[in-house]
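To start, the structure itself, in structure tokens.
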Number of protein chains: 4
Amino acid sequence: MSHNSFGHLFRVTTWGESHGPALGCVVDGVPPGIQLTEADIQPWLDKRRPGQSKFTTQRKEPDQVRILSGTFSDDRLPTPVTTGTPISLMIENKDQRSKDYSDIRDTYRPGHADFSYDAKYGVRDYRGGGRQSARETAARVAAGAIARKILSHILGPDTAIRGALVQLGPHRIDPAQWDWDEVGRNPFWCPTADAVNEWESYLNSVRKAGSSCGAVIEVVATGIPAGLGAPIYGKLDADIAQAFMTINAVKGVEIGNGFDAAALSGEENADEIRLVDGAPRFGSNNAGGILGGISSGQDIVARFAVKPTSSILAPVKTITKDGQETDVVTKGRHDPCVGIRAVPVGEAMMACVLADHLLRHRGQIGTV
Amino acid sequence: MSHNSFGHLFRVTTWGESHGPALGCVVDGVPPGIQLTEADIQPWLDKRRPGQSKFTTQRKEPDQVRILSGTFSDDRLPTPVTTGTPISLMIENKDQRSKDYSDIRDTYRPGHADFSYDAKYGVRDYRGGGRQSARETAARVAAGAIARKILSHILGPDTAIRGALVQLGPHRIDPAQWDWDEVGRNPFWCPTADAVNEWESYLNSVRKAGSSCGAVIEVVATGIPAGLGAPIYGKLDADIAQAFMTINAVKGVEIGNGFDAAALSGEENADEIRLVDGAPRFGSNNAGGILGGISSGQDIVARFAVKPTSSILAPVKTITKDGQETDVVTKGRHDPCVGIRAVPVGEAMMACVLADHLLRHRGQIGTV
Amino acid sequence: MSHNSFGHLFRVTTWGESHGPALGCVVDGVPPGIQLTEADIQPWLDKRRPGQSKFTTQRKEPDQVRILSGTFSDDRLPTPVTTGTPISLMIENKDQRSKDYSDIRDTYRPGHADFSYDAKYGVRDYRGGGRQSARETAARVAAGAIARKILSHILGPDTAIRGALVQLGPHRIDPAQWDWDEVGRNPFWCPTADAVNEWESYLNSVRKAGSSCGAVIEVVATGIPAGLGAPIYGKLDADIAQAFMTINAVKGVEIGNGFDAAALSGEENADEIRLVDGAPRFGSNNAGGILGGISSGQDIVARFAVKPTSSILAPVKTITKDGQETDVVTKGRHDPCVGIRAVPVGEAMMACVLADHLLRHRGQIGTV
Amino acid sequence: MSHNSFGHLFRVTTWGESHGPALGCVVDGVPPGIQLTEADIQPWLDKRRPGQSKFTTQRKEPDQVRILSGTFSDDRLPTPVTTGTPISLMIENKDQRSKDYSDIRDTYRPGHADFSYDAKYGVRDYRGGGRQSARETAARVAAGAIARKILSHILGPDTAIRGALVQLGPHRIDPAQWDWDEVGRNPFWCPTADAVNEWESYLNSVRKAGSSCGAVIEVVATGIPAGLGAPIYGKLDADIAQAFMTINAVKGVEIGNGFDAAALSGEENADEIRLVDGAPRFGSNNAGGILGGISSGQDIVARFAVKPTSSILAPVKTITKDGQETDVVTKGRHDPCVGIRAVPVGEAMMACVLADHLLRHRGQIGTV
């Protein structure tokens, strides 16, 4: 119910504003006995960290995570393990520039949540977007790192959750060229080497123009057994859709074929099943690994669309808090495409949903 | 947490299988003092009822709803009103044909949840799909009718939640021709008169071929004030996405521009704001009425994609429960496009999400 | 969150008023593959059923339960088993006398919830108490029967949840004389044969005077393994306390020594531990089987106090809905001591809490 | 669902172990626009802080609270106000003595949760009790301070939640001598001046003997309107019972007359109602201000019993983790009666439950 929590048996509660002293989360429901230190979390935060290329915001944040509770070690147990109690994670904000925010204090930036926050709360922390800032997603990435540990602890080391950018602005990749190894070699998390040069040139022009573009991210979970999820309102895909849609700037979510499925016939969309070495093997994965809300044992494939960054240099017509018409120009350190840094966030959300469903499944069914 | 409940302050719990004696739901959290009889619910069920045209399943179900609790009337209060206690709704199943189900008892129909249900539960009611049947959505439509009553009770009579089919198979409507009055005049809930003949001809050919097609449904909520929703995991759009994705066969969800937003620039996607008679007025609605997870006062616009019906006459390769390869042909009474009957279901889910957020907003903020 | 649901992984939602057509509940989260028919539930309802002795209300209700969903059988599976989907239970009300309720329609009966319901809702079903009637507890007893099945399915047949009346009005039993076999032999669920005559004579006089008395009920759960519960807000004893306090007329709850513990020293209250055949064995059970909110493997022992029935023949000063002072005399069919019929209800609530915690434990920890 | 959260619309999630770097909580659902600084919280923490008299543990903790998120101020708004976003509170642990914990590392202290934690989790932070330590209650007291702000913000300044110790070991106060002003004048929160000398002498002897005793605490909420709570599982008293039972060492909870009600007749227990100046006025408050789970507008009166501190100097028989019989003697800095410091904790829990129900009521009903 809490507006700032998600998950049930694996449950994450985040807190913090862009320009407050810190942000963080409490991760509850983690099984005991899993080795966990900051070193398990930091690499995922580093992946999301701003300022790593010219294509993301130049804000400098070390994003060093601290574990404040929930793990234990002593001389007999030198590597800390989870104890089953809540894990509190904190990341201090370091680069909150003491700039003058008077330009956005009273002016509603179109596309941002300034207007709707004010309509709801009447007061808001406008510095850097406050609670609506994507800095909040750092806490999700940290929680996602713990979710990954749970998945591999219970399901084994072959579980993987990986994301890639499959569309940058109007430019889509060719799925036939997909190469997971390529994803880590370019600043876009692009899975096809062919697209990188084009994307670089395109995004450079967008950036120099002070404009922005959107993107589509695909997240794939491998090694997830059949049976996770539940029929009606506990559908695995419904929880993935919700989780993705909670990420800033996301406007669409798809599972498997997604919207393309609408144009197919039943024959085209069917994932036929054969036996290979006695085990079920699907001939295709139009379903994205989920049937009736329950995982089928295939890869779980989901995508989300991110709108273009609303912070642009071109003046946009808007109004002020006290009812004056004006124009707004958003200067400052912004990502020309927030979709890039959304890749590790999408992975984290997928990991959290799967960890939660894994524990819920184990609760009702008893085995995995 | 419950797998068969959704919502928080306004909370719906559904139950029932396709071929059990009945199905229904318990609707909790309804404010007291709202006039409510079966006559407020039945028209919405009638809209969803099967067998009304040759384009939907020929199963004959009267779908008569009974209110078993939660309302009260006496001689001083002749029209029943809600009492604030849980409203139990029941719909008896009438047309469960006593056919032989041995063909699907042991054979996993591709695209259906037979395989994944069995992987999870080990046992299932296979008759007519059991709990995975779209008959469950009758209970949602009934609950949605109550949600509509809450919305109009609190927000006034100008609140409306309307849906339409905007794509049938590969055929999309032209949004510029949209006419809400047309929606009720054709068997497809199609909002453009121009498309109806084409759609009729197309779906007739699909139906006669024993094939199926998908669809895209758009749901629009009008008269929703700014401020509903919450920043992070209580985002209004996230809850809509989850709610739509819980509907059978849905594979994608969009808010506002949705996936098209990915290809736009920040300038193109901005919804500029002006003042008209002193009130904020947006120049466009690319955001679909939701900014940062909170309603902006514009129309809330959301879409979902439905895959083609998996039940088709063409044989599909599959396996049996006991590990034999086989083919399956699905005869019986099926919708060639389940998207048509998904329109009132999508409306109902939107109504339920909005009613829940309205009560949650009132709880935290105190006013609407 | 729902006001009419309790539990998390094992979750019960009840509905229905005293004089409506029926009452019932939806039981969600039940593991699949457990044999279940009405015959598993009916005996517990019979135990709670009114009109079985002169010491309980003379309302005649057969309280026949029907399972409307969530189980399945066919020719290969002749005994129905749970399928993991929600189980809907319904009990029709048969003996709603068409009496004239005008005496309580506008008059607030002291001790009843008439006044507070009206203050909250402004409207209420006053017939027989409506939703505040203890008839709602029939649904709990039915749900509790399913919870018992889960416990024995997972923990084995030696699990038992048994209740007894340990105090009737001012008359307490001698715990040293406790005999579980005696409990079923008298109309009071009294565990000591010595007390029965005294209680019978006492309650007869109370009944004939049109008066009422309170009671204390003890519920003991045997065969519960160590480890159920959770440290802080998921404490097993906190959930038991909440569950008992939701039963009509309950004003106090104790675990183990309860209030008597306040007067003891640490030495007196300590439950020492020894090893017997290599297994931990506690020398006493002052803790009531729960340490730090987590079960210790001892019997779980909890008590609740029931206030005297508020419906009495003596006139009581009160006011009417429209602000007039008056006296009220409550005639009709009432239990002189509602504590007697609260015994099976307390057992059911204990069973529900334990089933929920068992599934939650299995979810986080993985084994029982 | 989360084991470390409580409340629904007003929701608190706590974290931290006794000897970790810090402890804290996230408070979600707070209405916006309420003035809040550390100075609003610190006095309540000071009331609970250890080491203030010889009757509480000599551990020295400044318990300085920091607000890390959820409030905002600028030059136009000099006093910080809540923004409706989650409030993160942190209290650093300062006095974690680097003592040798080998004595309790492997030995289960009877009455503590060592045994049951190990049975559940297999691993635990044994230093100072880890998560089972009553230090966690500092976070509750901080959250309770915010709950009080909500209550007075919505209900006005006449709302008060006050607690007192009504029994110390075997010594009960005389309720007829109750004086709220006396409560703050003695180290026991005792409401009757007459009892203080006796209690002081008694607790001194207990303390010198290295023994301990229990206590009973009463918490009274004044100025709460009629209508808070809900009929069945959302009963206000049930949530109070649960909240109190989550406090360390609590073994019993009562509302109004509590267990004494069992021995009364219906006539004795009735709270008659008259009109005074046109408003309902109850002649007594046996119900403790709650009827049918809903507040009646009277004072809400609840009590809880605390067992004697389990940490005592006398040797107690127990076993070790690896299955050896041994004796344990608990030295160190302990409260001879934890009931004293439980008074502000009980007040805080009452405040949190009431704030949550107030927001829930406002959500369903619309007004207070």
Completion exercise
Taking region A:91-144 and keeping only residues that are part of a helix (DSSP H, G or I), at the interface with chain B (Cβ under 9 Å from one of its Cβ atoms) and of a type in the set (Ser, Thr, Tyr), one is left with A:SER116, A:TYR117, A:TYR121
Exercise for the section: Output the number of the condition that D:SER73 fails; it satisfies all remaining conditions of (1) polar (S, T, N, Q); (2) over 29 Å from A:GLN35 (Cβ atoms); (3) open to solvent by 20 Å² or more (accessible area, probe 1.4 Å); (4) touching a residue at least 40 places away in the same chain (Cβ under 8 Å). Expected result: (4)
Exercise for the section: Could you please find all residues in region B:4-27 being of a type in the set (S, T, N, Q) and buried (at least 24 other Cβ atoms within 10 Å of the Cβ)? Expected result: B:ASN4, B:SER5, B:THR13, B:THR14
Problem - Failed criterion for A:CYS190 (all others in (1) at positive phi; (2) away from chain B (no Cβ under 13 Å); (3) touching a helix residue (DSSP H, G or I) at 6+ places or on another chain (Cβ under 7 Å) hold) - result: (1)
Practice task
For region B:170-185, state whether one or more residues are within 14 Å of chain A (Cβ to nearest Cβ) and open to solvent by less than 50 Å² (accessible area, probe 1.4 Å).
Solution key: yes
Practice task
Assess whether D:ALA147 counts as being touching a residue at least 24 places away in the same chain (Cβ under 8 Å), out of contact with any strand residue (DSSP E or B) (no Cβ under 7 Å at 6 or more places or on another chain) and either outside any loop (DSSP other than H, G, I, E, B) or polar (S, T, N, Q) (or both).
Solution key: yes
Exercise for the section: Name the residue, out of D:ILE224, D:ILE217, that is crowded, with 24+ Cβ neighbours inside 10 Å and under 28 Å from C:GLY229 (Cα atoms). Expected result: D:ILE217
Problem - Residue that is farther than 24 Å from A:VAL26 by Cα and among the small types (Gly, Ala, Ser), where the choices are A:GLY163, A:GLY144, A:GLY129 - result: A:GLY163
Handout entry: C:GLU254 being under 29 Å from D:ILE232 (Cα atoms) and either open to solvent by 10 Å² or more (accessible area, probe 1.4 Å) or among the aromatic types (Phe, Trp, Tyr) (or both)
Key = yes
Practice task
Kindly indicate whether any position in region D:257-270 is touching a residue at least 60 places away in the same chain (Cβ under 8 Å), surrounded by 22 or more Cβ atoms within 10 Å (Cβ to Cβ) and assigned to a loop (DSSP other than H, G, I, E, B).
Solution key: no
Exercise for the section: Determine the pairs where a residue that is free of Cβ contacts under 8 Å to residues at least 24 places away in the same chain, located within region D:161-179, has a partner that is among the polar types (S, T, N, Q) and not in a strand (DSSP E or B) with Cβ atoms under 8 Å apart, the partner being 6 or more residues away or on another chain. Expected result: D:ILE173/D:THR192; D:ASP174/D:THR192; D:GLN177/D:THR192; D:TRP178/D:THR192; D:ASP179/D:THR192
Completion exercise
The condition from (1) open to solvent by 10 Å² or more (accessible area, probe 1.4 Å); (2) touching a Ser or Thr at 6+ places or on another chain (Cβ under 9 Å); (3) more than 14 Å from chain A (Cβ to nearest Cβ) that B:SER88 misses is numbered (1)
Fill in the blank from the handout: Of B:SER133, B:SER116, the only residue that is more than 22 Å from the chain's Cα centre (by Cα), closer than 30 Å to C:ILE34 by Cα and either open to solvent by less than 20 Å² (accessible area, probe 1.4 Å) or not aliphatic (A, V, I, L, M) (or both) is B:SER116
Practice task
For region C:312-335, name all the residues that are over 30 Å from the mean Cα position of the chain (by Cα), part of a strand (DSSP E or B) and more than 8 Å from every other protein chain (Cβ to nearest Cβ).
Solution key: C:THR320, C:THR326, C:ASP327
Problem - Residue among C:ALA342, C:ALA355 that is away from chain A (no Cβ under 14 Å) and either modelled with pLDDT of 95 or more or open to solvent by 20 Å² or more (accessible area, probe 1.4 Å) (or both) - result: C:ALA342
Practice task
Report, ordered by the first and then the second residue, all pairs with beta carbons closer than 7 Å, sequence separation of six or more or different chains, a first member in region B:339-368 that is farther than 15 Å from B:ARG148 by Cβ, and a second member that is modelled with pLDDT under 95 and among the aromatic types (Phe, Trp, Tyr).
Solution key: B:ILE340/B:PHE55
Completion exercise
Those residues of region B:174-188 which are assigned to a helix (DSSP H, G or I) and of a type in the set (D, E, K, R) amount to B:ASP181, B:GLU182
Exercise for the section: Output the number of the condition that C:PRO308 fails; it satisfies all remaining conditions of (1) touching a Phe, Trp or Tyr at 6+ places or on another chain (Cβ under 9 Å); (2) within 8 Å of chain D (Cβ to nearest Cβ); (3) farther than 18 Å from D:VAL250 by Cα. Expected result: (1)
Practice task
For region A:102-161, enumerate the residues that are over 23 Å from A:ALA342 (Cβ atoms) and among the β-branched types (Val, Ile, Thr).
Solution key: A:THR107, A:VAL123, A:ILE154
Exercise for the section: Would you mind finding the one in B:THR85, B:THR56 that is assigned to a loop (DSSP other than H, G, I, E, B), at pLDDT 90 or above, of a type in the set (Val, Ile, Thr) and in contact with an Asp or Glu (Cβ under 9 Å, 6 or more places away or on another chain)? Expected result: B:THR85
Exercise for the section: Would you be able to say whether some residue in region A:60-69 is assigned to a loop (DSSP other than H, G, I, E, B), out of contact with any strand residue (DSSP E or B) (no Cβ under 8 Å at 6 or more places or on another chain) and either at pLDDT 95 or above or open to solvent by 30 Å² or more (accessible area, probe 1.4 Å) (or both)? Expected result: yes
Practice task
Might you let me know whether region B:28-38 holds any residue that is surrounded by 24 or more Cβ atoms within 10 Å (Cβ to Cβ), within 14 Å of chain A (Cβ to nearest Cβ) and in contact (Cβ under 8 Å) with a residue 12 or more places away in the chain?
Solution key: yes
Practice task
Answer yes if at least one residue in region C:351-361 is over 17 Å from C:ILE217 (Cα atoms) and part of a loop (DSSP other than H, G, I, E, B), and no otherwise.
Solution key: no
Practice task
Considering only residues that are more than 28 Å from the chain's Cα centre (by Cα) and on the phi > 0 side of the Ramachandran plot, look in region B:247-302 and name the one that is farthest from the other protein chains (Cβ to nearest Cβ).
Solution key: B:ASP277
Exercise for the section: Determine the pairs where a residue that is within 8 Å of chain C (Cβ to nearest Cβ), located within region D:217-229, has a partner that is basic (Lys, Arg) and assigned to a loop (DSSP other than H, G, I, E, B) with Cβ atoms under 8 Å apart, the partner being 6 or more residues away or on another chain. Expected result: D:GLY229/D:LYS235
Problem - Options C:LEU155, C:LEU151; residue that is within 14 Å of another protein chain (Cβ to nearest Cβ), open to solvent by 10 Å² or more (accessible area, probe 1.4 Å) and under 30 Å from C:GLY33 (Cα atoms) - result: C:LEU155
Problem - Sole exception among (1) more than 7 Å from chain A (Cβ to nearest Cβ); (2) touching an Asp or Glu at 6+ places or on another chain (Cβ under 9 Å) for B:ILE240, by number - result: (2)
Exercise for the section: Pull up region B:303-319, narrow it to residues that are out of contact with any Lys or Arg (no Cβ under 8 Å at 6 or more places or on another chain) and crowded, with 24+ Cβ neighbours inside 10 Å, then point me to the one that is nearest to B:ASP103 (Cα to Cα). Expected result: B:ILE312
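The values are calculated or read from the model by the stated rules, or taken from the named source; none is laboratory data. The structure presented is a predicted model; accordingly, all values stated were derived computationally and were not measured. Heads up, the Cβs are rebuilt from the backbone with ideal geometry, glycines too, and the neighbour counts pull from every protein chain shown. Areas reflect the complete protein model, heavy atoms only, side chains present, ligands, DNA and RNA absent. Shrake-Rupley method; radii C 1.70, N 1.55, O 1.52, S 1.80 Å.
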